[in-house]
């Protein structure tokens with residue numbers, strides 16, 4: 001076992017949250033020694049994301065528009081369609097902003113390189129096995145291939161993902177593991193009869209019990225098609241996807257001559273925000289902190305913003321603008337004031353809809369269409385849509401049409417709340 005000298009800031013994970021934390025800390029103070037430890041051999045691999053992200057959110061993270069369009073973006077989505085189990089649907093056209101389909105690996109690598117250019121060092125194939133706080137320092141036990149070494153740091157930022165094993169090991173609550181939905185996605189070529197600028201979500205217990213299926217176009221003949229399901233169905237995830245591809249009345253017509261060229265698996269985080277995301281000289285960011293949308297599982301933009309906040313306060317702690325505990329507490333205060341209300345609304349919406357029967361989904365889609373939800377949601381922030389959905393649901397015309405569904409929605413919520 002080799003032992004290295006102490007560094008100022010250590011970051012676990014080179015996803016968007018970790019890389020942006022490192023970049024922000026380096027920008028704030030170029031004299032800091034900052035190390036980002038990534039367990040995989042290559043940043044961005046393996047991919048676990050559908051890659052559908054709000055463009056405005058990426059721009060707010062400081063990603064250059066030209067870089068997005070030339071090196072990261074695969075397609076632009078202008079419309080979203082929501083399909084009920086019985087085939088009825090409604091559609092939302094985006095007016096003020098758009099969704100972009102990204103090569104997620106390219107995004108992660110771009111953010112990692114920007115962090116390195118700012119002054120952080122990234123170490124791939126470095127798996128952090130254990131962390132401990134000792135004598136005002138964090139000690140990391142890291143495995144690199146067959147070798148194991150110790151690293152000491154003043155500030156530790158964990159962007160380890162929704163399993164949050166290390167954070168849990170030192171006493172922090174982690175995202176509710178019962179709300180990590182197993183998912184699988186195929187990238188398929190040779191598809192026909194679809195609109196290349198329209199993404200689609202498919203609901204129903206025969207499609208994806210507990211969550212939904214998706215169809216995200218890449219171009220005129222290719223798309224990413226996937227599902228996520230409740231953890232109780234985790235052993236049948238691939239079977240549900242195959243059934244979706246070959247049995248669904250809409251999708252089977254598109255996939256007759258199509259072939260999968262890639263397959264991705266992972267978990268969709270839908271647990272909602274974690275109550276406490278800091279300890280002495282320690283901050284939790286990204287999916288590990290529940291900084292993702294429980295309604296859809298997306299978290300790049302919100303987690304990335306929170307990563308920047310963590311990097312900012314880590315550098316301020318080192319510069320002695322804050323005491324370690326004050327700085328970490330201020331990080332939590334700032335991110336929660338920005339995002340926790342919306343993330344909590346989305347968490348409760350997810351609890352309310354995950355266990356709905358198909359007949360209720362059919363009615364909800366019908367009500368959404370007849371009450372013109374598209375007009376209500378056109379200008380709603382894609383990343384912070386919880387309050388927009390709540391305002392829509394509380395409109396008198398919506399309440400009137402949905403009264404008969406209230407008992408079943410409440411039952412679904414009660415079931416979800418107990419899990």
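Annotations
- Residue count for region 25-50 under the criterion of being assigned to a loop (DSSP other than H, G, I, E, B) and either on the phi < 0 side of the Ramachandran plot or in the same structural domain as residue 265 (by TED's automatic domain parsing) (or both): the result is 17.
- Long-range neighbours under 6 Å by Cβ, at least six apart or interchain, first residue closer than 12 Å to residue 367 by Cβ within region 393-419, second outside any helix (DSSP H, G or I): 397/371; 398/371
- Screening residue 136 with (1) assigned by TED's automatic domain parsing to the domain that holds residue 290; (2) at pLDDT 95 or above; (3) farther than 26 Å from residue 299 by Cα gives one miss only, at (2).
This table checks each residue for (1) within 19 Å of residue 75 (Cβ to Cβ); (2) assigned by TED's automatic domain parsing to the domain that holds residue 299; (3) modelled with pLDDT of 95 or more.
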| site | (1), (2), (3) |
| --- | --- |
| 162 | no, yes, no |
| 190 | yes, no, yes |
| 195 | yes, no, yes |
| 198 | yes, no, yes |
| 201 | yes, no, yes |
| 219 | yes, no, yes |
| 224 | yes, no, yes |
| 244 | no, no, yes |
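- Test: residue 200 is in a strand (DSSP E or B) and over 26 Å from residue 161 (Cβ atoms): yes
Residue-wise test of (1) over 21 Å from residue 171 (Cα atoms); (2) in contact (Cβ under 8 Å) with a residue 60 or more places away in the chain; (3) assigned to a helix (DSSP H, G or I); (4) in the same structural domain as residue 335 (by TED's automatic domain parsing).
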| site | (1), (2), (3), (4) |
| --- | --- |
| 257 | yes, yes, no, no |
| 264 | yes, yes, no, no |
| 288 | no, yes, yes, yes |
| 294 | yes, yes, no, yes |
| 297 | yes, yes, no, yes |
| 308 | yes, yes, yes, yes |
| 316 | yes, yes, yes, yes |
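- Residue among 53, 34 that alone is buried (at least 22 other Cβ atoms within 10 Å of the Cβ), at pLDDT 95 or above and in contact with a strand residue (DSSP E or B) (Cβ under 7 Å, 6 or more places away or on another chain): 34
- Of all the residues in region 64-106, those that are in contact (Cβ under 8 Å) with a residue 40 or more places away in the chain and out of contact with any strand residue (DSSP E or B) (no Cβ under 8 Å at 6 or more places or on another chain) number 11.
- Scanning region 188-197 for residues that are surrounded by fewer than 19 Cβ atoms within 10 Å (Cβ to Cβ) and in a strand (DSSP E or B) turns up just one, 189.
- Residue satisfying all of: in region 366-394; closer than 24 Å to residue 299 by Cα and part of a loop (DSSP other than H, G, I, E, B); nearest to the chain's Cα centre (by Cα) among these: 383
- Residue within region 331-353 that is under 29 Å from residue 287 (Cβ atoms), in a loop (DSSP other than H, G, I, E, B) and in the same structural domain as residue 303 (by TED's automatic domain parsing) present: no
- For residue 323: the one exception among (1) crowded, with 16+ Cβ neighbours inside 10 Å; (2) farther than 15 Å from residue 158 by Cβ; (3) in the same structural domain as residue 163 (by TED's automatic domain parsing): (1)
- Scanning region 99-115 for residues that are in a helix (DSSP H, G or I) and crowded, with 19+ Cβ neighbours inside 10 Å yields a count of 9.
- Region 206-244: number of residues that are free of Cβ contacts under 8 Å to residues at least 24 places away in the same chain and part of a helix (DSSP H, G or I): 5
The values are calculated or read from the model by the stated rules, or taken from the named source; none is laboratory data. All of these numbers come straight from a predicted model, not from anything done at the bench. In this analysis, Cβ positions are derived from the backbone assuming ideal geometry, glycine residues included, and neighbour counts consider all displayed protein chains.
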